[in-house]
1. If you go through segment 32-58, how many residues are within 8 Å of the ligand (Cβ to nearest atom) and either at negative phi or in contact with a strand residue (DSSP E or B) (Cβ under 8 Å, 6 or more places away or on another chain) (or both)?
2. Among the residues of segment 215-230, write down those that are buried (at least 20 other Cβ atoms within 10 Å of the Cβ) and more than 15 Å from residue 317 (Cα to Cα).
3. Hey, residue 215 hits all of (1) within 14 Å of the ligand (Cβ to nearest atom); (2) in contact (Cβ under 8 Å) with a residue 12 or more places away in the chain but one; which does it fall short on?
4. Would you check which residues across segment 166-214 are surrounded by fewer than 18 Cβ atoms within 10 Å (Cβ to Cβ), more than 26 Å from the chain's Cα centre (by Cα) and not in a strand (DSSP E or B) and list them?
5. Is it the case, given these coordinates, that residue 107 is away from the ligand (no atom under 13 Å from the Cβ) and more than 16 Å from the chain's Cα centre (by Cα)?
6. Can residue 287 be described as under 28 Å from residue 136 (Cβ atoms) and either in a loop (DSSP other than H, G, I, E, B) or more than 24 Å from the chain's Cα centre (by Cα) (or both)?
7. If you take the residues of segment 317-339 that are outside any loop (DSSP other than H, G, I, E, B) and within 11 Å of the ligand (Cβ to nearest atom), which of them is nearest to the chain's Cα centre (by Cα)?
Ligand SMILES: Cc1cc2nc3c(=O)[nH]c(=O)nc-3n(C[C@H](O)[C@H](O)[C@H](O)COP(=O)(O)OP(=O)(O)OC[C@H]3O[C@@H](n4cnc5c(N)ncnc54)[C@H](O)[C@@H]3O)c2cc1C
């Protein structure tokens, strides 16, 4: 097939883009050097709500809110097209504190969020334990976010890839792209395994590995890997009714009944192995938030590499001076949440129409300006 668009990377971002483009009638080829959803996407917790604070740029809050909204229709659409249930479930979030000093911070955070029009409740410790009886009884207070949802991220990527394939896309696993083909100021395709494939448009959705294209594009792509570790616990006790988070991490029950505890935020390069210290921290945190987890058995531990950026915002758009290429990377801690809107925005860019939300804040050229 001679594609209209090549997508490099089949995480949540690449597969969402591939699905939107295939749905719009474009011939899409997706290459991933590993498996669909096999990196950060498969490692992630799959919570799909942004928790903005004073420092969050409004454009980013809008991106998160719109993407969260898109999930309802997307989950139904993927189920209908592929028969795959992406585990889209309400998982109202209780953000708790066990610390008196932190209570004041939570009150201030809530006041700001209410001011922004968000819906966030306040529960004292007893009320929090009332709604989630498994909570540590020493919880002092909690913020309650009713409209919080989750998905199973690897299944999301697989369902998006399947839906794209059903629409004619080709998704190749174990296919590592070695090089971008360029002609003047255009990217005209890719080289992999001694072959070249030409295409009018190429999308870089290679997550934490995106900086590899900086030299070819003569553009800084300052995306770096930020490791997050996770453990899965198995317990016969009733599943948690809420996702429970704190300033140290979170616990939630997934659609398959497992309870996951996350996470760490570590800058250790391209090392996606869980460590003794990381797992020990999570195994302490879980029972601290939900005491009965002390009796749970450990079923798995893993880590993934989030694509972090200097300003914590994604890179979404064309690199300065280049045609035929779009960057869609750097989604850091929110790439699952932001997958649906990223797919739609890339479609807007390729269709040369005004993006449905402002994306200037995510312009990949912003780092070039700073470097100058
Ligand atoms: C522990 C943890 C918990 C998280 N929890 C959440 C959460 O609750 N909610 C949320 O929204 N986000 C969460 N995240 C963040 C989220 O997982 C990421 O932002 C998201 O997965 C990024 O998706 P991606 O497609 O850009 O990257 P990835 O999923 O890493 O995909 C990139 C793909 O590119 C491929 N690739 C790289 N180079 C090449 C090449 N040269 N040729 C071919 N293929 C290549 C890789 O094999 C990989 O499959 C979490 C992350 C971690 C680690």
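1. First, the residues of segment 32-58 that are within 8 Å of the ligand (Cβ to nearest atom): 32-48.
From what is left, the residues that are either at negative phi or in contact with a strand residue (DSSP E or B) (Cβ under 8 Å, 6 or more places away or on another chain) (or both) are 32-36, 38-48.
Qualifying residue count, segment 32-58: 16.
2. 225, 226, 227, 228, 229, 230
3. Tallying (1) within 14 Å of the ligand (Cβ to nearest atom); (2) in contact (Cβ under 8 Å) with a residue 12 or more places away in the chain, residue 215 fails exactly one: (2).
4. 184, 185, 193, 194, 200, listed by residue number.
5. Working: away from the ligand (no atom under 13 Å from the Cβ): yes; more than 16 Å from the chain's Cα centre (by Cα): yes.
Considered against the rule, which asks whether it is away from the ligand (no atom under 13 Å from the Cβ) and more than 16 Å from the chain's Cα centre (by Cα), residue 107 comes out as yes.
6. Details: under 28 Å from residue 136 (Cβ atoms): yes; either in a loop (DSSP other than H, G, I, E, B) or more than 24 Å from the chain's Cα centre (by Cα) (or both): yes.
In short, yes.
7. Going residue by residue through segment 317-339, those that are outside any loop (DSSP other than H, G, I, E, B) are 317, 323, 325-329, 332-334, 339.
Imposing the further condition that a residue be within 11 Å of the ligand (Cβ to nearest atom) reduces the set to 327-329, 332-334, 339.
Details: 327: 16, 328: 12, 329: 10, 332: 7, 333: 6, 334: 4, 339: 7 Å.
Looking at residues that are outside any loop (DSSP other than H, G, I, E, B) and within 11 Å of the ligand (Cβ to nearest atom), I get 334.
Here's the yes/no breakdown for (1) without any contact (Cβ under 8 Å) to a residue 12 or more places away in the chain; (2) part of a helix (DSSP H, G or I):
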site: 16; (1), (2): no, yes
site: 22; (1), (2): no, yes
site: 26; (1), (2): no, no
site: 35; (1), (2): no, no
site: 56; (1), (2): yes, no
site: 73; (1), (2): yes, yes
site: 78; (1), (2): no, yes
site: 84; (1), (2): no, no
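The values are calculated or read from the model by the stated rules, or taken from the named source; none is laboratory data. Source: prediction; values computed, not measured. Glycine also receives a Cβ, built like all others from the backbone with ideal geometry; neighbour counts cover every protein chain displayed.
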